[in-house]
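Q: Handing you a structure now.
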Amino acid sequence: MQAAILMRNVTRGIEKIPGVNLVQTARFDDISILMFPKVGTRSIRNALLTYHGLGPGRGRAWTHMHYHSRKAMRTRLNTPQTLVVLRDPLERIHSCWKQKVGRERDDKSFYFFQYYPLLKPDMDFLAFLQAIHRLPTFLYEKHFMPLNHYLSGMDDPSYSFARLDQLDTKLAEILNTTAPPQRANTTSPTAIPQDAKDYFFAHLQDRYRADIDLFEKSGGGPGR
C-alpha cells in the first residue's frame, strides 16, 4: 500500500510536465468521480476519507485515488458509473488564477513554475488569459485544461454529469447520509473584470466550447 501511495505521489510531479495529460479519479467502490481541479476536488477527497473509513489525514485518500491516461478516460471510464462534475469554464479558470497566480494566491507560492516566464507571479487575470491563449491546448496544465480534452463522445457521452452546485447532494447520496459533507477549499467569489470576459469570449471561447455547452445543457447559465 505504501509503495502504491509513493508511486502516485511521484506521478503528481510527473503530471505537471506540459503535455503529459494524465487524469485522476476518486474510487467509491463501483462509482468513480473525476478529480478535475477547481471543481470540488477537496470535497470529493474528504468524502472519500469518510466513505472508506480512513479517518483524518488527506494522504490516506491516495489509496483510493487513481491516475488514468486520456485513452482510458475516453474508453474504459466512459460509463454512467463515472461522475463528471461541471463548472462554468471561465469561472473555473478565474478561480485557478486567483488561487495559484494572483497576488492573493495560496501561501504566496507560485504554482505554474514550469511555464515561467510566460506565466508569472502576480500577473493580472487578463494577462493570464492572454498567456494561456499563446499555449497549444495539449500543453495546458490540468488546472486550466479544457475538460473536453479528456472526454470522448461530447455530443452523446455515457458519463454521469452534475454541476458543482449539485456536488454536495451527490456526495451525500454516495455516503448514504441526509447531511451533505461540508464543502472544502472554496474560494470567495470575486467579480471577473469585463476586459477579461471580453478577451475570453473573443479568443478562448472556441477552445472551451464543448465545456460551455455541457455546462449549459446541465442547467448552468452562460458565463457572460
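Q: Given a Förster distance of 41 angstrom, what is the FRET efficiency for His52 paired with Val20, based on the Cβ-Cβ distance and rounded to 0.05?
A: 0.90
Q: Tell me, what HN-Hα J-couplings in whole Hz come from the Karplus equation 6.51 cos²θ - 1.76 cosθ + 1.60 at θ = phi - 60° for each residue of the stretch 33-50, using x for Gly and Pro?
A: With coefficients 6.51, -1.76 and 1.60, one gets 10, 5, 8, 9, x, 6, 9, x, 5, 5, 5, 5, 4, 5, 5, 5, 4, 5 Hz.
Q: Hey, another quick one. Would you compute the Debye intensity of the stretch 83-150 from its alpha-carbon atoms alone, equal scatterers and no solvent, and pass along log10 I(q)/I(0) at q = 0.20 Å⁻¹ to two decimals?
A: So the normalised log intensities are -0.81.
Q: Determine the order of Tyr111, Tyr199 by accessible area, beginning with the largest, at a probe radius of 1.4 Å.
A: Tyr111, Tyr199
Q: Can you classify the stretch 9-100 as rounded, prolate or oblate using the Cα gyration tensor, where a ≥ b ≥ c are the square roots of its eigenvalues, rounded means a/c under 1.5, and otherwise it's prolate if a/b beats b/c and oblate if not?
A: Note, shape of the stretch 9-100 comes out rounded.
Q: Separate question: State in Å² the accessible area per residue of the stretch 35-145; use a 1.4 Å probe, count heavy atoms of protein chains only, and round to the nearest integer.
A: With all protein chains present, the stretch 35-145 gives 44 Å² per residue.
Q: Sequence neighbours fewer than 8 away in the same chain don't count; with that in mind, list the lysines whose C-alpha is under 22 Å from Lys16.
A: List returned: Lys38, Lys71, Lys98, Lys100, Lys108, Lys120, Lys142.
Q: Rounded to the nearest 10 Å², what accessible area does Arg70 show when all protein chains are kept and the probe is 1.4 Å?
A: In the full protein context, Arg70 sits at about 70 Å².
Q: Within the accessible area of the stretch 28-162, what % is carbon and sulfur when the probe is 1.4 Å and the other protein chains stay in place?
A: For the stretch 28-162, the apolar C and S fraction of the accessible surface comes to 48 percent.
The values are calculated or read from the model by the stated rules, or taken from the named source; none is laboratory data. None of the values given here were measured: they were computed from a predicted structure. Because the Cβ atoms are built from the backbone with ideal geometry, glycine has one as well, and the counts that use them run over all protein chains shown. Just so you know, the surface numbers come from the protein's heavy atoms only, side chains and all, with ligands and any DNA or RNA stripped out. Shrake-Rupley method; radii C 1.70, N 1.55, O 1.52, S 1.80 Å.
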